[in-house]
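**Student:** Mind looking over this structure? Questions follow.
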Amino acid sequence: MKNFLRQHLFSISMFTLLTSLCMAQNDVKIIKERIVADLMQTKTEDEHVALLMNKMNADGSFKGINYEDLSRTASFPHGGHTRDLVYMAKAYKNKSSRYFKSKALKALIINGLEFWVKNDFVGDNWHDNQITTPTNLGNLMLVIGDELPKDLVAKAQPMIFRANMNASGARPSGDRIVIAGILAKNLLFQNDYKEFDNIIKIIEGELKFGTGERGMQHDYSFHHRIDRVNNTSSYGYGKYANAYGEWSYYVSGTPYAFSKDKINQLVDYYLDGIYKQMVYGIYEDISVKNRSISNPSSFQPYSTLEIERVLISTDYRKKELEEIIRLRKGEAKPSASFAKFFWQTEHFVFQRPAFYTTVRMFSTRNRNMEEPYNGPGKLTHHRADGTNYLMLKGDEYLNIWPVYDWQKISGTTIMQKPQLPGPNEIQKEGLTDFVGAVTDGLYGAVVFDFKSPHDPMEAKKTWFFFDEEYVCLGTDIKAKGNMEVATTVNQSLLRSDVTMMQEGSQQIVTKGNRVIQKVKWVHHDKIGYIFPQPATVSLSNQTETGTWAAITDQKNISKDVLSKDVFKLWYNHGAKPSAGSYEYIVVPNINEKDLNETSSNNRFIEILSNTSALQAVKQTKLGISQLAFHTAGAIDIDKGLNIRLDSPGMVMVNTKDGKVKGLTLADPSRKLSRMLLSVTGIYKAQGDSYRTVIDEKQNSTLFIVDLPQGVYLGKSVQIVLN
C-alpha cells in the first residue's frame, strides 16, 4: 500500500512538473513567435533582394562595403553586411516573395555568414561589436537559424554573445536594455529558458529613477552619461523607453509580464518626459539633439507603435496616450498648453496649440553638450548657450546645418571668432549655478547667468513666456578681446518675404545682409519680432552654402555643396562690450497686419527691469509678473503692490484687480532651503510648503516658503491664494 502511494504521488509530481514545463515552453513559444512576427513585419522588395544577390562576391562579401576600415569615424559599414543577410533571410521566409524557400538565396545567405564568421570583423567602437553585429546576427538566427548548418550557427554564437550583461556597454544607461534584449532573443533561439527568465527580470528592473547617475531622472529627463547632458530624445527614447516597451509587449499576458507599476512609470516617462520634449508630441525637437544634429533628418511624425504596445498592458493615462496617437496620425490638431522645466537637465519647454519653443542651458551641475564621439557634431560648441529654437510647424530648421552659422544660434550670446575651436574643446563644465526656471505648469520664466567656458564673455539672460508671445532680455553683457559679440534673435530657413517697420514705414526687405536702424519690428514666416524701443539690429536673408562633410569628422559623408536660403536676425554688441543689453518680444503665428497693430503697445508687455540686479516683465492683460532677482531686492509690479525677495531667486506673481491670486517661487542656485517673500497686502493663508507672517501696520505679508530638496532641488513651489 505504501509503495502504491509513493508511486501515485510520484506520478502526480511528474505530471505536475511536465505540465509546468509544457506551460512554460508554451509561454516562451508565444514570446518567440511575437518577436519573429515583429521582425517579419518589415516589408521586403524582390527587386532589392535581387540587387543584394548580385552584389555578393564569390567569397561571400558584398560589393560596395569597405571591409578594411574599422575606425570609429568610418561608422562601421560592415554592419550593412549582416543587415543585408537578415533582409535576404526575411525574403526567404516570406510567402509572398518570389524568393520564398529559394535554394539559391539560402546558399548566398550561408555564404555571406561563412564570410563573416571567418573574418569576425571587430570595430574600434564598442557599439559595433556589442550591439550592431549581435543584433543583426541574433535576428538572422531567429528568422532562419533553424535552417542553417549547425556548425555555422555555432561559430556565430560567440559573436552574438558579445552582447552580454558583463559587456562594457551594458552599464546602466540607454544601452543596457538593448544589450539585455539582444541576449534574451538569442537565449530564446537556443531554448535556454532558465537564463532567459533571469535576463527578463533584469530588463524589467531597468525602468527606475537614476537621478544623479546615468538613466531616467526624477524630472523625467534622461542622462546617458555622467556628464548629465540631456539625452532624452536619443538614448532615452529609442534605446531606453521603446526598448523597454518592446519587451513589455513581447512578454505581456505571460508569467514573464512586467508589473503594472513599471508599465505605468513608463507611461509617465513618455508623457511627462519624452513627449514634452517633442514638437506637439509628434515631431523631433532639434533643441535636445546633440552630436546627431550633423546627420540629415527627415520631417515626419513619430510612429504610434510604442503607444499601442503600452496600451496592451495598461489603461493608465489612456486618454493622453490616445491623443498622441491621433496627433501622430493627423486625426487631431495640437491643443495642449504647458510649461515645464527639467531641473535635472537645465532645459525648459513651452507649448501652445500654435507653437512650441525651448531654452537649453547648462550650469555647474551639468556639462554643456555631448562630446562628438565617433566624429559627428564637431561644431556644436555653443548649442547650450541659451539656445531658443521656435517651431510653429516643426520643420523651420530642417537640415539647415550644412549652411548654418554655428556662432549665431537662436537665442544665444556668442563671441564671434574667426573659427570655432577643435572638437575636443566642445564639452565644458558650466561656470555658474544661477541657472533655472520658475513655472506653474502653464506659464514660466527662465534665467541664465551665463559665463562662457569657451570665451572671455558673460551675460545675464532671461526669457518670459506667456500665451501668445514671449520676452527675451539680456543685460550686463561683458567681454574681453577684440572680437565682436552677437545675440541672435533667430536663424532659420528663409521661408517667406521679410518685412520690417522702420521709422513708421513698413517695407519688404530685399535679399542681402545689412544693418538696420530704428526698427520697431521684423516679420518672417508667421513670426514677429518686436523691439520695445526701436533698435539697431543686423538682418540677413540670403542664400548660404555649405556641405555635410564640413560639420562632421565622420568618413564617407557627402562633400556636395548645398545652397539654402537662410534668415538671420541678431544684435551686434561690438567688441569689448562692458554693459551690453537687448530687449525683444517674439510673437509666433501672427501676420504683418496684426503684428503692426499690436506692436504699438508692445502687446501689453511692460518691461519692469532689465538690470544686473533684476530682470522682470509684466503681461498686463494676463495679470502675470515674472521676476528674476539676481540679488535680494524689491520692485513695484503695480500701483501699491510691492514684491520683495530676501535672496536671489525667481518669482511669478498672478494678480487680479490689484490683489495677488497666486505665487510661484524657485531657487535657480539650488542652495536654499527656504525663501522669504514680502508682498503688499494682508493674506492670511498657509499650506504644506509655506506659512505667512502678517504685518498689519506695514500692510504686508511675509511668505516663508519651504523649497524642494534632494532630487527635487530647482523645482518650483506654487501657492494659490483665495
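The values are calculated or read from the model by the stated rules, or taken from the named source; none is laboratory data. It should be emphasised that the depicted structure is a prediction, and the values quoted were computed from it without experimental measurement. We place every Cβ from the backbone using ideal geometry, glycine too, and count neighbours over all the protein chains shown. Please note that ligands, DNA and RNA were not included when accessible areas were found on the heavy atoms of the full protein model with its side chains. Shrake-Rupley method; radii C 1.70, N 1.55, O 1.52, S 1.80 Å.
**Student:** Calculate how steeply helix 193-205 sits against the longest principal axis of the alpha-carbon atoms of the chain, using the helix alpha-carbon long axis, and give the answer as 0 to 90 degrees to the nearest 10.
**Tutor:** Result, in degrees: 0.
**Student:** While we're here: Tally up the carbon and sulfur contribution to the accessible surface of the chain as a whole percent, 1.4 Å probe, everything protein left in place. Could you put the intermediate results ahead of the total?
**Tutor:** Numbers: 14730 of 29820 Å².
Whole-percent figure for carbon plus sulfur exposure: 49.
**Student:** While we're here: Near MET53, within a Cβ-to-Cβ distance under 13 Å, what is the net charge of the other residues, with Lys and Arg +1 and Asp and Glu -1? If you can, show how the numbers build up before the last one.
**Tutor:** Working: positive: LYS55, LYS63, ARG98, LYS103, LYS106; negative: GLU45, ASP46, GLU47, ASP84.
Cβ neighbours under 13 Å give a net charge of +1.
**Student:** Taking the solvent-accessible surface of protein heavy atoms with a 1.4 Å probe, what is the per residue accessible area of the chain in Å²? Provide the component values of the computation, followed by the final result.
**Tutor:** On the way: 29820 Å² over 722 residues.
Using a 1.4 Å probe on heavy atoms only, each residue of the chain averages 41 Å².
**Student:** Still on this structure, please answer the following. Taking the alpha-carbon set of the chain, what are its Rg and Dmax in Å?
**Tutor:** Considering the chain through its Cα atoms, Rg and Dmax are 29.4, 112 Å.
**Student:** Kindly express, to the nearest 10 degrees and within the range 0 to 90, the angle between helix 150-160's C-alpha long axis and the longest C-alpha principal axis of the chain.
**Tutor:** 20
**Student:** Can you tell me the length gained on complete extension of the stretch ALA613 to LYS417, counting 0.36 nm per residue apart and subtracting the Cα distance? Provide the component values of the computation, followed by the final result.
**Tutor:** On the way: separation 196, 0.36 × 196 = 70.56 nm, distance 2.94 nm.
Working it through step by step, the gained length comes to 67.6 nm.
**Student:** Could I ask something else about it? Of the cross-linked pairs LYS185/LYS340; LYS208/LYS715; LYS32/LYS95, which ones have a Cα-Cα span greater than 31 Å in the structure shown?
**Tutor:** Check vs 31 Å cut-off fails for LYS185/LYS340.
**Student:** Tell me the angle of helix 79-93 to the major Cα principal axis of the chain, expressed in degrees between 0 and 90 and rounded to the nearest ten.
**Tutor:** For helix 79-93, the angle is close to 60 degrees.
**Student:** Please give me, ordered by residue number, the chymotrypsin sites (Phe, Trp or Tyr not before Pro) of region 373-454 that lie in loop per DSSP and have at most 15 other Cβ atoms within 10 Å. Please report the intermediate quantities before stating the final value.
**Tutor:** Numbers: sites: TYR373, TYR389, TYR397, TYR404, TRP406, PHE434, TYR443, PHE448, PHE450; in loops: TYR373, TYR389, TYR397, TYR404, TRP406, PHE434, TYR443.
Of the chymotrypsin sites (Phe, Trp or Tyr not before Pro), the ones in loops of region 373-454 whose Cβ has at most 15 other Cβ atoms within 10 Å are TYR373.
**Student:** Quick one: go through region 352-381 and flag any residue whose amide nitrogen is under 15 Å from the point 7 Å out along the Cα-to-Cβ line of LYS671.
**Tutor:** 364-365
**Student:** Between region 331-383 and region 207-281, what is the C-alpha centre distance in whole Å?
**Tutor:** 17
**Student:** Quick check: pseudo-label points 7 Å beyond the Cα along Cα→Cβ at LYS393 and SER298, how many nm apart are they?
**Tutor:** For LYS393 paired with SER298, the spin-label model returns 1.8 nm.
**Student:** Counting other C-beta atoms within 10 Å, and keeping those with at most 12, which DSSP coil GluC sites (Glu not before Pro) do you find in region 323-414? Working shown, then result.
**Tutor:** On the way: sites: GLU323, GLU331, GLU346, GLU370, GLU396; in loops: GLU331, GLU346, GLU370, GLU396.
For GluC sites (Glu not before Pro) across region 323-414 that sit outside H, G, I, E and B with at most 12 neighbouring Cβ atoms in 10 Å, the list reads GLU331.
**Student:** Which residues in region 127-157 have a backbone N closer than 18 Å to a point placed 7 Å from the Cα of LYS118 along the Cα-to-Cβ line?
**Tutor:** 149-157
**Student:** Find the Rg to Rh ratio for region 453-520, where Rh is the Kirkwood radius over alpha-carbon pairs and Rg uses the same atoms.
**Tutor:** Values: Rg = 15.7 Å, Rh = 15.4 Å.
Radius of gyration over Kirkwood radius for region 453-520 works out to 1.02.
**Student:** Follow-up. If you average the alpha carbon positions of region 161-188 and of region 451-516, how far apart do those two centres end up, in angstrom?
**Tutor:** 47
**Student:** Give the lysines reachable from LYS101 as a straight Cα distance under 16 Å; neighbours fewer than 8 places away on the same chain don't count.
**Tutor:** Qualifying lysines at Cα under 16 Å: LYS90, LYS93.
**Student:** Pairs LYS333/LYS526; LYS417/LYS518; LYS460/LYS518; LYS520/LYS568: which are spaced more than 21 Å apart, C-alpha to C-alpha? Walk me through the numbers before you get to the answer.
**Tutor:** Numbers: LYS333/LYS526 18 Å; LYS417/LYS518 27 Å; LYS460/LYS518 24 Å; LYS520/LYS568 17 Å.
Flagged as over cut-off: LYS417/LYS518; LYS460/LYS518.
**Student:** Give, as a single signed number, the net charge of other residues whose beta carbon lies under 9 Å from the beta carbon of LYS618, with Lys and Arg counted +1 and Asp and Glu -1.
**Tutor:** Numbers: positive: none; negative: GLU606, ASP638.
Around LYS618, the charge tally is -2.
**Student:** Continuing with this model, one more query. How much net charge surrounds GLY633 when only the other residues with a Cβ under 12 Å from the Cβ of GLY633 are counted, with Lys and Arg +1 and Asp and Glu -1? Display every interim value, and only then the final one.
**Tutor:** Numbers: positive: ARG644; negative: ASP636, ASP646.
Summing Lys and Arg as +1 and Asp and Glu as -1 gives -1.
**Student:** Could you grab the relative contact order for the chain? Cα pairs under 8 Å, six or more apart, rounded to a whole percent.
**Tutor:** Details: 1520 pairs, mean separation 56.9, N = 722.
Dividing the mean separation by the residue count of the chain yields 8 percent.
**Student:** Can you give me the distance in nm between label points at ASP59 and ASP497, each placed 7 Å from the Cα along the Cα-to-Cβ direction?
**Tutor:** Result for the modelled spin labels: 6.4 nm.
**Student:** For region 208-242, list residues with backbone N below 13 Å from a point placed 7 Å from the Cα of PHE338 toward its Cβ?
**Tutor:** 219-221
**Student:** While we're looking at this one, here's another question. Would you work out the charge dipole size for region 384-478 about its Cα centre, treating the Cβ of every Lys and Arg as +1 and the Cβ of every Asp and Glu as -1, and quote it to the nearest 20 debye?
**Tutor:** Computed charge dipole of region 384-478: roughly 320 debye.
**Student:** Among all the aspartates and glutamates, which ones have a C-alpha under 19 Å from LYS656's C-alpha, if same-chain residues fewer than 8 places away are not counted?
**Tutor:** Within reach: ASP440, ASP467, GLU606, ASP636, ASP638.
**Student:** Still on this structure, I have one more. Please give me, ordered by residue number, the trypsin sites (Lys or Arg not before Pro) of region 513-612 that lie in loop per DSSP and have at most 11 other Cβ atoms within 10 Å.
**Tutor:** Values: sites: ARG514, LYS518, LYS520, LYS526, LYS555, LYS559, LYS564, LYS568, LYS593, ARG603; in loops: LYS526, LYS555, LYS559.
Here the sparse-neighbourhood loop sites are LYS559.
**Student:** Right, next: Using alpha carbon coordinates only, what is the Rg to Rh ratio of region 228-294, with Rh defined as the Kirkwood radius? Mind showing how you got there, number by number?
**Tutor:** Numbers: Rg = 13.6 Å, Rh = 13.0 Å.
Rounded to two decimals, Rg over Rh is 1.05.
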